[in-house]
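**Student:** Have a look at this one.
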Amino acid sequence: MKRILAIDFGTNNTYFSVTTIGGSVIPCNFFSGGDNDKGIDSACLRFTKGSRQGQIAIGKKALNYYGGASDDDIQDAGMVLATNFKPDIEISEDARQSSICFLREALKLYQQNDKTLNPLEMDVIFGVPSEASDSYKRCLAHIAREAGYGNIRLLDEPFGALSSYQDECSDEAVEAMINDSVLVVDFGGAILQKGKILHSWGDMLLGGRLFDDLFYEWILDQIQKTDKTKTEQSLIDNNEDYYVRTVQSRQLKEEFSEFTVKYRNETFDPFFDNRYHLSMTWEEFMRRATMYTPSESFMKRTRISTALKNTRFTTSGTIDLIGWFRDELRRGFVEKNIPFNSIQKTLLAGGSSKWAFSRDICSEILPQSQIVDCENVFAAISMGLAKYAVIKRGAENKYQKLLDEKDKFINSQVELIEGSLTNVDRIKDIANELFNDFALPEMKQYRQNGGKISDMESQIRDSIKNNTAQIKEILQPLFENNGMEFDLVIPDRLKKWFKDCGISPKDYSFGTIKFNVSSFISQNPDFWAGDTIAQALSSSVTDVLLTFLTLNGLLKSTVTTLFGKKTTEDFIKKTDFSWFKSALIDSEIERIRKNDFIPKFTDRFLEFTRGFVNKNKNVICKLTREFVESEVEKYKKVIDMETEL
């Protein structure tokens with residue numbers, strides 16, 4: 001069975017998870033080649049000159065090497081450091097080449113620690129921003145192939161986050177993925193409903209890079225109180241600003257955000273660069289975040305600086321990052337007119353979830369929503385991608401089994417009813433019992449008192465009308481499981497079949513629709529008014545009388561020919577032949593039972609029951625199909641979450 005390689009290729013960090021399918025636990029782990037438990041820094045350092053020409057370093061090794069190099073070293077070795085390249089792969093050839101280089105080297109690094117790791121023999125799945133264009137997705141797929149990962153699969157990152165807190169391919173996990181209304185928050189949002197991304201939004205300008213720069217400026221302000229020479233210009237002149245802003249400031253930012261989530265009212269007192277003691281509070285952070293101005297280094301070295309300057313600066317020349325986050329979160333709801341109270345769960349994922357203000361703003365905007373933290377917010381996407389691959393594999397198996405067997409199963413439910421209600425041997429037993437209970441007493445009464453055959457027929461009909469409960473009891477053997485009603489039998493069979501397909505059984509109900517003795521009788525009022533039994537019996541007795549009269553010369557065939565059989569029979573039925581009672585001896589009654597009544601009743605009963613089945617089988621099929629196809633559709637939604645390339 002193929003292993004799964006899941007990759008969350010991120011702007012700041014990249015996370016790799018590997019797993020196999022089997023057992024009750026999905027083992028997701030970061031390769032030992034990673035920098036730390038937060039994955040590997042998305043950084044690539046190339047040496048283009050000197051003795052190390054052609055060599056490449058990635059991750060924290062690249063950042064540390066570059067950060068510790070002098071300007072002369074950088075120039076002599078032709079060092080080219082690339083970070084934050086993922087967002088630009090669609091528009092920049094440099095970003096594409098940096099991505100290929102980084103991913104290729106990461107694969108080599110991980111293969112040193114796991115000799116069995118071969119993407120070409122694995123299911124490889126990459127996360128992709130849900131707002132990404134088709135061309136961006138094609139570009140990412142191309143980069144992955146060039147880096148040695150083969151033909152990859154893509155999954156929108158919100159689905160990865162959603163999968164991260166599910167349990168393998170349990171039915172509960174599938175139900176949650178397709179039924180819960182979930183908001184995934186990470187410097188923007190994605191609303192997931194019924195297994196689809198209802199709306200996804202985000203501002204590519206807003207993100208961790210701005211907060212890195214905020215800390216870069218904050219650090220410089222505090223350092224300058226101790227060392228006046230440490231100005232931003234001096235960092236730029238010495239080519240140190242990029243490393244301080246993108247590496248050291250980011251590390252300090254992450255430490256601060258984790259600290260303030262737990263201890264918001266306390267002061268964070270780190271050492272910076274092992275030389276400078278800093279003092280940082282939540283209040284000061286919020287002040288700076290609401291009045292942020294990009295640094296000179298950021299404006300000089302970052303592509304987004306021009307767009308940022310044109311769109312986000314206030315009249316006072318500052319940017320409110322907190323207000324931007326709040327506005328951005330609201331925007332998605334307003335754009336699509338989605339009620340804020342429609343969200344059941346808010347899932348905090350990615351770097352933004354580590355900020356206390358994220359939870360505050362989510363609680364403010366969505367007070368009724370349950371806020372859910374991923375176990376490892378940084379790894380949530382890659383772990384979720386791996387889990388999704390497992391969930392999808394299980395969903396595909398169940399989906400295919402349901403597809404293969406659904407028509408046969410649905411048809412078997414109609415066959416169940418038809419086979420039960422048209423069982424000739426059972427019907428003959430019922431006919432015999434009905435004859436004994438309703439016909440035989442009236443025939444014996446007729447034999448004793450004489451009278452009209454039509455009167456005897458009416459008495460039989462009235463007797464049946466007044467004993468519906470007894471009729472139901474006599475009919476009960478026609479129904480499966482010792483008389484269990486079909487609207488209970490079929491849901492039970494659904495449960496068993498779904499269980500055989502690996503799906504947890506649920507309670508299924510046909511609601512107010514009944515397929516049982518009561519409905520059978522109520523849907524055939526003429527039949528169960530006693531007409532079938534009475535007519536079958538009176539017809540048999542009439543035939544006996546005709547035979548008796550003919551044999552005794554009392555009714556010539558010419559009379560029957562002259563007036564017609566039906567007219568003659570009607571005359572006989574309505575005429576009081578009291579003397580005829582002597583003809584109904586026990587042996588004649590038994591002949592009527594076996595040779596006339598039971599065959600005629602059976603034929604008549606089959607005619608009605610087949611009509612009943614034909615009348616109701618479409619309803620039975622429709623309801624059963626709805627149950628089955630709701631399960632089919634459920635697993636189809638999980639399968640369709642993945643992006644087709």
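Only the coordinates and a few stated rules stand behind these numbers; no lab work does. Keep in mind it's a predicted model, so treat the numbers as computed, not measured. Note that we place each Cβ from the backbone using ideal geometry, even for glycine, and neighbour counts take in every protein chain shown.
**Student:** For the stretch 89-241, would you read off the P(r) tail past 24 Å as a percentage of all alpha carbon pairs? Each step should come with its number before you reach the end.
**Tutor:** Details: 6526 of 11628 pairs.
When all Cα pairs of the stretch 89-241 are counted, 56 percent exceed 24 Å.
**Student:** Return the ratio Rg/(2.2 N^0.38 Å) for the stretch 417-512, where Rg is computed over Cα atoms only.
**Tutor:** Working: Rg = 20.0 Å, N = 96, 2.2 N^0.38 = 12.5 Å.
Taking the Cα Rg and dividing by 2.2 N^0.38 Å, one obtains 1.61.
**Student:** Taking the beta-carbon count within 10 Å as an exposure proxy, list F126, F333 from fewest neighbours to most. Numbers along the way, then the final one.
**Tutor:** Values: F126 25, F333 20.
So the residues, fewest neighbours to most, are F333, F126.
**Student:** With +1 on each Lys and Arg Cβ and -1 on each Asp and Glu Cβ, and nothing else charged, work out how big the dipole of the stretch 208-373 is about its Cα centre, in Debye to the nearest 20.
**Tutor:** Details: 24 positive and 25 negative charges, 103 e Å.
With Lys and Arg at +1 and Asp and Glu at -1, about 500 debye.
**Student:** Using θ = phi - 60° and the Karplus relation 6.51 cos²θ - 1.76 cosθ + 1.60, list the HN-Hα couplings for the stretch 378-389 in order, rounded to whole Hz, with x at every Gly or Pro.
**Tutor:** So the Karplus estimates, Gly and Pro as x, are 6, 8, 4, 5, 5, 5, x, 4, 5, 5, 4, 4 Hz.
**Student:** Residues with amide H under 5 Å of L347's amide H, sequence separation 5 or more or different chain, H placed in the peptide plane at 1.01 Å from N; which?
**Tutor:** Long-range HN contacts for L347: L183, V184, V185, V372.
**Student:** Kirkwood Rh, Cα Rg: Rg to Rh for the stretch 208-373? Walk me through the intermediate numbers first.
**Tutor:** Numbers: Rg = 17.4 Å, Rh = 17.4 Å.
My calculation of the ratio gives 1.00.
**Student:** Taking 2.2 N^0.38 Å as the expected size of a compact globular protein, what ratio does the Cα radius of gyration of the stretch 85-179 give against it, to two decimals?
**Tutor:** 1.24
**Student:** Turning to a different aspect of this structure: Roughly speaking, what % of Cα-Cα pairs in the stretch 188-239 are separated by over 16 Å, rounded to a whole number?
**Tutor:** Beyond 16 Å sits 61 percent of the P(r) for the stretch 188-239.
**Student:** Which links in K230/K300; K225/K253; K196/K634; K253/K345; K253/K387; K506/K637 stretch past 23 Å when you go from one Cα to the other?
**Tutor:** Values: K230/K300 19 Å; K225/K253 20 Å; K196/K634 12 Å; K253/K345 27 Å; K253/K387 30 Å; K506/K637 19 Å.
The answer is K253/K345; K253/K387.
**Student:** With only alpha-carbon pairs counted, each pair once and no self-pairs, how large is the Kirkwood hydrodynamic radius of the stretch 594-638 in angstroms? Let's see the in-between values first.
**Tutor:** Values: mean 1/r = 0.0757 Å⁻¹.
Roughly 13.2 Å, rounded to one decimal.
**Student:** What number comes out for the charge environment of T229, summing +1 per Lys or Arg and -1 per Asp or Glu over other residues with Cβ under 15 Å away?
**Tutor:** Working: positive: K225, K228, K230, R275; negative: D221, D227, E232, D237, E240, D241, D273.
Result for the neighbourhood of T229: -3.
**Student:** Tell me, E146, E131 in order of fewest to most beta-carbon neighbours within 10 Å?
**Tutor:** Values: E146 15, E131 18.
If I rank by nearby Cβ atoms, fewest first, I get E146, E131.
**Student:** Oh, and also: Are any of the pairs K2/K496; K472/K600; K115/K354 more than 27 Å apart by Cα-Cα distance, and if so, which?
**Tutor:** Numbers: K2/K496 31 Å; K472/K600 21 Å; K115/K354 35 Å.
Long pairs (Cα-Cα over 27 Å): K2/K496; K115/K354.
**Student:** To make sure I understand, if each residue's beta carbon is the centre and we count other beta carbons within 10 Å, what order do E473, E335 fall in, fewest to most? List each step's numbers first, then the result.
**Tutor:** Values: E473 13, E335 10.
Listed from fewest to most nearby Cβ atoms, that is E335, E473.
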